[in-house]
Structures are given as C-alpha cells and as structure tokens.
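Here is the structure we will look at, set down as structure tokens.
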Amino acid sequence: MSDIGVTVKKNENFSEWYTEVVLKSGLADYAPIKGCMIFRELSYAIWEKIQEIFNKKIKATGHKNVYFPMFIPESFLKKEAEHFAGFVPEVAWVTQGGDSPLEEKLAVRPTSETIIYATYAKWIRSWRDLPIKLNQWCNIVRWETKATKPFLRTREFLWQEGHTAHATKEDSDKEVMDILNEYRDLMESYLAIPVLVGVKTDNEKFAGALYTTTLEAIMPDGKALQMGTSHNLGQNFAKVFDIKYIGEDEKEHYVWQTSWGISTRLIGALVMVHGDDKGLVIPPKVAPIQVVIVPIPYKGADSAAIMAKAKEVREKLVEKGITTILDDREEYTPGWKFNEWELKGVPIRVEIGPRDLKQEQVTLARRDTYQKTAVKLDDAVHAIEKLLEEIQNSLYAKAKAALAEKITTVSSYNEFQWTLEAKGGFIKAAWCGHSRCEEKIKEETGATIRLRPFEKEPPITDCIYCGAKAVEMVYFARSY
RNA sequence: GGGGCUGUCGGCUAGUUUGGUCUAGGCUUGUAGACUUGGGCUCUAUAGACCCCGGUUCAAAUCCGGGCAGCCCCA
C-alpha cells in the first residue's frame, strides 16, 4: 500500500526522496537512453506555464520567437575559441547521413550562439537594423559524463535561449539586466523560489562571454542550484562572425550581444524547494490544476445532489479562470483520491459530502499545510481565490526563510570548511579576486563561488584563503 | 572525477549465499463483478516477470565475463 506513495522522508534521504517524487507524481519517467528522460503530462504542463509567463514578459519588451536548426556545422562552433573549448567535451556529433559519411560533421546544438550569429552577420547592415531581439524555445543536447538526475542534469533538456544584438555596450548591459529582472520575477513571484543575483567569476562565466549574471537558489540539502543566466557576450562573437553595422556616424562598428536562458531545470528546483513527504507541492500560479473537487457520496446519501453541487462549484471556479477538475471516478474511494492529488501537488482540494450539503458548505483542504476549513457555498469561490493567493505567498515566505537560514557569513577558512561540512548552504566570505584562490578552494572543498552579489558589502576580513587584501564579499556553495 | 550497490509480472518484492519439485511465490496494480465511500476498504474470478549477449554445467533466476540501464555515497 505504502509503495503507491512516497516512501522516503525528505529530510532522511533527500536524493532518494527526489527520485521517488519525480517518478511517482507522474512528472517524469526514465527513457531507454542513458541520461535522457521523458517529460510526462504533469511536468510538460508546468513547462507550458513557464513558457506562457515568460513569453508574455519578453514579447512585451519587443522580443520575438524564432526557431533555428538543431545541427551546427563544426566550423561554426570552432570560430570562437573559448566557446568551442568550453562546449566541445560534451558535444554530440552527427557524422553520418544514411549510409554515407558527412563531409563536415554536425554538432547537435549544446547552445545556439554560433548558428544564430552566423545568420545575424547576414541580417545586420545598418544601425536601423538594431537592436535585434530573438528568442527560441528548443531542446539542447549536452553529453554529460557525470551522474545524471531528472530535470537537474540530463543529456537532453528543454530551454529557451534569447539572443540579442545591440549598437552600444550600454544597450547590451541594459538588456542583460532587464532579462535578469524578468527571470527573477518569474522565479520569485511565480515559482515561489527566492534567488540571489549577481555576477559569475571568470572561472564560472559562460564560455565566450564578457560577463555572466546569474540567479542562484538554495536547495533543502544545502546545495546551490543555478536557476538561470544572462550573459553579456561583448563583441567576442561579433568579431569572429563579422557582425558589423554602419552607424549614424557612417562608420563600421561591431555589435554588442547578449544571450540568456532558463531550462526545465526549474521544474527540478520547484520539486526540491516545495515538495514534502507526501509528494509534490506546486505553487498555485504555475499549477496545471489549481483545484480538485472530490465528491463524497455515501451510500444512502443523496449522491445526485452532491454531484450537482460539485459541478456547480466547478463551473463557478472555471468562470473565474481557476483551473479545476472534478474527480468523479467511481472506482476510487475519497481517501485514495486525497492521497493521489496530494502526491501530484494540487494546491487546493474541495471536498463536498453529505455533511457539507446539509450545512450548505464545502470543505477546503490546502496542500501546503494540510489545514482544512469549511466555507459557506456562497463564499466558496471567493474563499478559494483568496486561499490560492495565500498558498502562493506562504510558499514563497517559507522558501525565503529557508534561504536566509542557509546563508552563513564566515571570517576564516577554518570556519568556512566547518560550515560547509556541518551545514552547507551559501557561505559568504571575503575574497581577493584572484582565480587561484577560487580554484584551490574548489579543489579542497568542492565549493565554488556561485556569485559576486550586485549589492556590494565591504569585506569583513582579508581573503579567507590567501590572506591578501580582499576586494569583496562573495557567495560560495557546493552546487548541482 | 572516485567508490559502492542494483536489475525477477505494470509497480514493490521472495527466491541467488549453498545451481536441481521454481511448473518462479506474495503484495499491489490492470480487467470483470459484488460490496463500500469524510484519509490509500473488503471479497471473488482473471491477466501478467527472471535486462541483453556469451561462457561454465547433466542442469542457470542463481556461478563467471561482457554489454545496457538505474540508484546511492564522496569530491
């Protein structure tokens, strides 16, 4: 019996708990290809929600969606040396078509900068062509050799990648920040996952970028998860792909470019941050099903009246734009349904039984706290609307508190190591700004600098590793 | 990157140590029916499996080798 639901406790074996929730809730299944996964109905519906939200945001600021080929000629990928070196270890290649070998092998895109920018070179002539702001939703292949995990690290995943070209550095800087802010809003206001934002160090920046901005969340096991990145590519790609325009000054200039992306990894974050021992907990704003109505038709009770009432409530909710389903399956008992919908993370369950009918009420059960309340039929819709909002806010508040609890400021390397072992999470420490210290710390502890925060704080000590004068406080963590 | 472990009906598993009544057992699920329904009811009937390739052997789910797939732990 117990093996229908989640059998592992979240705080006892986090890793196994995650795997169980993902499989049993119906989010995903394993594919018969190593490191690949099947996005089932539930996770794909969440992904569609994310697409809907983000599309609305970027379209409002003049971006348009396009689709470029998934095959990239080797020669394109090679053009930007740093970019090529960064991606080549995990590129999957197509070397043969039918029976005959290809003249030039083709990369299955690990990211699309090169193929898109080769085309930008063709399209951009004048300052009047700028800015160009395109985005695509597509799949990506990175042939991971490390252990894979559904949503978090798979050989193929889904994402969106935005690619823009601008006349000036100022414009491109602004684009990087605008997108970062939209990402942040998506994560915090919709997915209810608070993030830290800042800039990556040179070691951790995107291969070929001038600088990379990032959004980082913390997971309950104390590991950081990179939720999204927005890069300023400078003129690196413009120079190798020869993307030039004639300015108002009648002179030739290279364009300034940005690229940015979020992936289905976000779904993994959502599972880890909000889920509990009973399964998924999906924030109302991204829940494919927001309300489930479970009728409770006793033998001898007026089942017809209960059903009629259930349908009436559903109609009213649907009218308000609340995604509602009525679970009228006769082969399952209410108790069974309760468990199933909890496993699937539906934010609110509405129970309607003889008792409710008699008192002209419905019973509301919230997924996040299991709290049950009775509300009068006339107030039901309003109460549900309010409760959805409250659940959304409460999930965010809870995650926010968890994030705050997982940030520790340390003033020595000893304390750093001790904290990392005992507690994990983000560790805020003073850093001299040199890659060497960062590398040594990574080697010795496995932690990397996740970000250099935008909000600068004066260093409280010298560099915790080398003792030289520190330039800033940065956030370290072990990460997924 | 390093280490450990696992693969048996759709799911969870017994059997593997010590090869042989294993014609592979149980629970759950599926299907048909009855009974129930406020937290995974109960009963009856029925369906369903040894990951793949090779080796050892009179005999392989069991031992050996390889492959494929998955999980966990550490960095």
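The values are calculated or read from the model by the stated rules, or taken from the named source; none is laboratory data. Every value quoted in this text rests on a predicted model; they were computed, and no experiment measured them. Methodologically, a virtual Cβ is constructed for each residue, glycine included, from the backbone with ideal geometry; neighbour enumeration extends over all protein chains shown. When the accessible area is computed, the model is the full protein with side chains, heavy atoms only, and any ligands, DNA or RNA have been set aside. Shrake-Rupley method; radii C 1.70, N 1.55, O 1.52, S 1.80 Å.
Of all the criteria given as (1) over 28 Å from A:Gln392 (Cα atoms); (2) assigned to a helix (DSSP H, G or I), the one not satisfied by A:Gly335 is (1). Contact map, the stretch A:33-44: residues that are among the polar types (S, T, N, Q) paired with residues that are in a helix (DSSP H, G or I), Cβ distance under 6 Å, separation 6+ or inter-chain. Pairs shown: A:Ser43/A:Ile267.
Among the residues in the stretch A:351-371, are any outside any helix (DSSP H, G or I), within 7 Å of RNA strand B (Cβ to nearest atom) and open to solvent by 30 Å² or more (accessible area, probe 1.4 Å)? I'd like the intermediate steps shown before the answer.
Here is the first cut: in the stretch A:351-371, the residues outside any helix (DSSP H, G or I) are A:351-353, A:359-371.
Still in the list and also within 7 Å of RNA strand B (Cβ to nearest atom): A:351-353, A:363, A:365, A:370.
Those left that are additionally open to solvent by 30 Å² or more (accessible area, probe 1.4 Å): A:370.
Among the residues of the stretch A:351-371, at least one is outside any helix (DSSP H, G or I), within 7 Å of RNA strand B (Cβ to nearest atom) and open to solvent by 30 Å² or more (accessible area, probe 1.4 Å), which makes the answer yes.
Assigned to a loop (DSSP other than H, G, I, E, B), surrounded by 16 or more Cβ atoms within 10 Å (Cβ to Cβ) and within 12 Å of RNA strand B (Cβ to nearest atom): is that true of A:Gly433 in this structure? When the stated conditions are applied, A:Gly433 does not pass them. Considered as a group, the residues in the stretch A:1-39 that are open to solvent by 90 Å² or more (accessible area, probe 1.4 Å) and of a type in the set (D, E, K, R) include one that is nearest to RNA strand B (Cβ to nearest atom), and that residue is A:Lys34. Among residues of the stretch A:283-301 being within 16 Å of RNA strand B (Cβ to nearest atom) and either among the basic types (Lys, Arg) or over 16 Å from A:Ile384 (Cα atoms) (or both), the one that is least open to solvent (accessible area, probe 1.4 Å) is A:Pro295.
Contact map, the stretch A:204-226: first residue outside the structural domain of A:Gly425 (by TED's automatic domain parsing) and open to solvent by less than 10 Å² (accessible area, probe 1.4 Å), second residue modelled with pLDDT under 95 and of a type in the set (D, E, K, R), Cβ cut-off under 6 Å, separation 6 or more or different chains; pairs are A:Gly208/A:Glu80; A:Gly208/A:Glu82; A:Thr212/A:Lys205. Reported count of residues in the stretch A:399-414, each being outside any strand (DSSP E or B), in contact (Cβ under 8 Å) with a residue 24 or more places away in the chain and open to solvent by 50 Å² or more (accessible area, probe 1.4 Å), is 2. A:Tyr120 passes every criterion in (1) more than 25 Å from the chain's Cα centre (by Cα); (2) surrounded by fewer than 20 Cβ atoms within 10 Å (Cβ to Cβ) apart from (2).
Is it the case that A:Lys59 is in contact (Cβ under 8 Å) with a residue 60 or more places away in the chain and open to solvent by 60 Å² or more (accessible area, probe 1.4 Å)? Walk me through how you get there before you give the answer.
Numbers: in contact (Cβ under 8 Å) with a residue 60 or more places away in the chain: no; open to solvent by 60 Å² or more (accessible area, probe 1.4 Å): yes.
So A:Lys59 does not fit the description; no.
If you go through the stretch A:91-117 and keep only what is closer than 20 Å to A:Trp260 by Cα and either surrounded by fewer than 17 Cβ atoms within 10 Å (Cβ to Cβ) or among the polar types (S, T, N, Q) (or both), you end up with A:Thr111, A:Ser112, A:Thr114.
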